[in-house]
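Structure first, then comments.
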Amino acid sequence: MVYYFILAAIPVAIVSAFCIHWFTISEEPNPNKRLEISRGIYLGFSFQVLVFAWLLFQLGHVRFAYPLYAVAFSMLGDWFNLQFSLAKKYMKDPVLGGIFSFAIAQVCFIFAFRQLISWEEIFQGVRPVLITTVFLVLPAFIFYFRVYNPDRSKWVMASAFVYGLVLCFFVSLCINAYLLYGGSWLYLAIGAGFFLLSDAVMGETTINGTRHPKWEFQVPWITYLIAQCFLLVGFFLLSHTRMIAN
């Protein structure tokens, strides 16, 4: 019972607090000024998610190590993406550091996934292969038409494209696992979907560099926080179930 209270209360508190913060800056139309106001606050939200992951690691033990690593690298990516002065001092475009950090985070999520289910279980028949193929090919077209900007750094564009492939592969794994087994795999499918939504919006705005809507940072952040919470809950429940089964 305590497990389920923690699993529900902490994510709800984090997302609710972000919504309150979003409301307090709703009158500011300039996205850059919003970021200036919110930079430290957002890193604080990222740290809260890391504490949540650490707490679940203490409850889930070794099987929950990779999700903890993923959230730690995600926080590092947040630090780069929030473009603190120290990051800008040593990197021409801190977003590149953010992309690399999040790529490592997604690899950690894939390792965590692999601890729960084998490739042979996932890729049975045509359907899972087709789903993975679609998730790898379709984003490439979206990237070309909505994200790619020849005026931006080639390193940023290339890294963002490769990162998108890694993320979409992870999303396809989570969806395939849910379609195969259902149950708690739904948390991973939802979390991965929100992660994809968050990065898609960021790709179209911040990575592209030419579109700066009022909500440029808020929409990616709230969907990102929701994604992290769903993924952590899903990995914890599945790891706990596997530990009991063994």
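The values are calculated or read from the model by the stated rules, or taken from the named source; none is laboratory data. Bear in mind the structure is a predicted one, so any value in this text is a computation, not a measurement. Please note: Cβ atoms are built from the backbone with ideal geometry, for glycine as well, and neighbour counts cover all protein chains shown. The accessibility values were calculated without ligands, DNA or RNA, using every heavy atom of the protein model including side chains. Shrake-Rupley method; radii C 1.70, N 1.55, O 1.52, S 1.80 Å.
Can you tell me which residue among Phe73, Phe102 is under 20 Å from Leu196 (Cβ atoms), modelled with pLDDT of 95 or more and open to solvent by less than 30 Å² (accessible area, probe 1.4 Å)?
Checking each option against the conditions leaves just Phe102.
Would you mind finding the one in Ile41, Ile110, Ile10 that is part of a helix (DSSP H, G or I), modelled with pLDDT of 90 or more, of a type in the set (A, V, I, L, M, F, W, C) and farther than 21 Å from His240 by Cα?
The conditions single out Ile41.
Name the pairs whose Cβ atoms lie under 9 Å apart, with the first residue in the stretch 86-100 and touching a residue at least 12 places away in the same chain (Cβ under 8 Å), the second part of a helix (DSSP H, G or I) and among the basic types (Lys, Arg), and 6 or more positions between them or separate chains?
Short answer, once both residue conditions are applied: Pro94/Lys88.
What about Trp79, is it loosely packed, with under 15 Cβ neighbours inside 10 Å, in contact with a helix residue (DSSP H, G or I) (Cβ under 9 Å, 6 or more places away or on another chain) and not β-branched (Val, Ile, Thr)?
no
Examine the stretch 151-164 for a residue that is among the charged types (D, E, K, R) and assigned to a loop (DSSP other than H, G, I, E, B), and state whether such a residue exists.
yes
Starting from the stretch 183-207, keep only residues that are farther than 16 Å from Leu225 by Cβ, then list their pairs with residues that are open to solvent by less than 40 Å² (accessible area, probe 1.4 Å) and β-branched (Val, Ile, Thr) whose Cβ atoms are within a distance under 8 Å, requiring at least 6 positions of separation or different chains.
Gly203/Val147; Glu204/Val147; Thr206/Val95; Ile207/Val95; Ile207/Val147; Ile207/Val156
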